[in-house]
Amino acid sequence: MSEQKATRARRIRSARAAIRHGNVAPRKGGRTLLSWIGAGLAVVMVATASIAGIAFWDIARGAKEGVALANDQRIPDIGAIEGGVNFLLVGSDSREGTDPGVFDADPGSVLNDVNILLHISADHTNATVVSIPRDMVVHYADCPDGGGGWSGPINGTLNEGGLPCVVLTVEELTGLSIPFAAMIQFNGVIEMANAIGGVEVCVAEPIEDEYTQTFLDAGMHTLSGLQALQFLRTRHGVGDGSDLGRISNQQVFLSSLVRKLKSAQTLTNPVALFGLAKAAISNMTLSNSLNNIDTMMSIAMALKDIPLENVVFVQYPSSTGGTGIYAGKVQPNQAEAEALFAALLADQPIALSGTTGNGSVVDPDAAAKAAAQAEAEAKAAKKATATPTPTATPGATTAPTQTSAPVEVAVLPENVNGQTANDYTCSAGRTLDQQ
């Protein structure tokens, strides 16, 4: 073995040992609601109602204080939310509450390194998920508590004025009104990944990243907890080592997550939704408009019938460039961005004509996996059917089905990267020797 390869092997062994010794310990104990159920049949219904009340109280107790946005929206009743939805998820790089043996030192300032905008069409037939690069230079909106009003990388807006400042900046950038927002930190990602039960991802080439201690061999991996967070954070270990490559790698994870939720019929299962909502409320900072389990379940139910091919993940149209103090930073591609957000404002579905981005590649087993996914969805849907379809009364007439005119699809230019939830992709790994 050459000295270079021996050194590389030692670095990987050392980093993997750090990962093993830095695992987040599972929570011990945990209350069970079964103890509240009485033995007598006469009190079953009373006990069930008590359990529900205790569970809702437990969720409310674990909720953090909400954040007021400029465009807070009313809280709907249980059921799919009416009309369209614009929701912003912000990932903070804060190390608050994390294990110092696992994560590097607190950077001091708190940055919004992940900015993901979800748009659900008003008729709930399509959804678009836009990832905004953290280093993209934008104009900072005037923050509610002061500050802002100049330009810089978007990941500075959280430190400038908190979640409301991030939301206002993204509204100004996209032209969309955003009434719902949430912020999640490292520990929250770990807990949410555990609540989901892990996500299976495909890795085409080995991922080796000393910065986030992400080391994955080529092949299939089910990621949960800390390992899922490391995968979502890695930049040096995928594509060309850039933030743009990291976004396409994150979309490998997100598309697989959506497929899992659909195949397991999670979005039509109130118990499963309740568990995810509880994890979200306990581990996220939410806008006042979202700080309610009814609201989260209503938004989830708006997604449940959207076909996988109509859930589109897209990278905000941008490229690396710039001059002066922003040389080498990501710059918006204005014409392509205007086409994207004009379509979303008009509630048009979008279609991609470009590639998935340099952090991912098409899965060579995509056809077989798509067939297995379709079979899993069909089985889950059959199992979830609670009541048979009513039969028509003899002699009765059936009202004709009302069909609307097809909506024109907005095809984005070839230089806009992304994929749908129905596209099977693998991470384009990057080894230490390539860095």
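The values are calculated or read from the model by the stated rules, or taken from the named source; none is laboratory data. Bear in mind the structure is a predicted one, so any value in this text is a computation, not a measurement. Cβ: placed from backbone, ideal geometry, glycine included. Neighbour counts: every protein chain shown. Side chains are part of the model used for accessible areas, which takes the heavy atoms of the whole protein and leaves out ligands, DNA and RNA. Shrake-Rupley method; radii C 1.70, N 1.55, O 1.52, S 1.80 Å.
A 1.4 Å probe, protein heavy atoms only, puts the accessible area of residue 320 near 90 Å². Mean sequence separation of contacting Cα pairs (under 8 Å, at least six apart), scaled by the length of segment 92-174, corresponds to a relative contact order of 24 percent.
Residues whose amide H lies under 5 Å from that of residue 420, counting only those 5 or more places away or on a different chain, are 313; hydrogens are built 1.01 Å from N in the peptide plane.
For segment 105-202, the fraction of alpha-carbon pairs lying more than 15 Å apart is 67 percent, rounded to a whole number. Taking a straight line from the alpha carbon of residue 260, these aspartates and glutamates sit under 18 Å away, with near neighbours fewer than eight places off in the same chain left out: 191, 200, 305, 309, 363, 365, 375, 377, 423.
A dipole drawn for segment 228-387 from +1 and -1 charges on Cβ atoms has a positive end, and of 356, 273, 345 the residue lying farthest that way is 273.
Mind putting a number on the dipole of segment 266-383 about its Cα centre? Charges go on the C-beta only, +1 for Lys and Arg and -1 for Asp and Glu, and I need it in Debye to the nearest 20. List each step's numbers first, then the result.
Details: 7 positive and 10 negative charges, 80 e Å.
Once rounded to the nearest 20, the dipole reads 380 debye.
Pairs spanning more than 31 Å between alpha-carbon atoms, out of 278/379; 278/329; 304/369: 278/329. The packing ranking, built from the mean of other Cβ atoms within 10 Å per residue, places the peptides 197-205, 342-350 in the order 197-205, 342-350, highest first.
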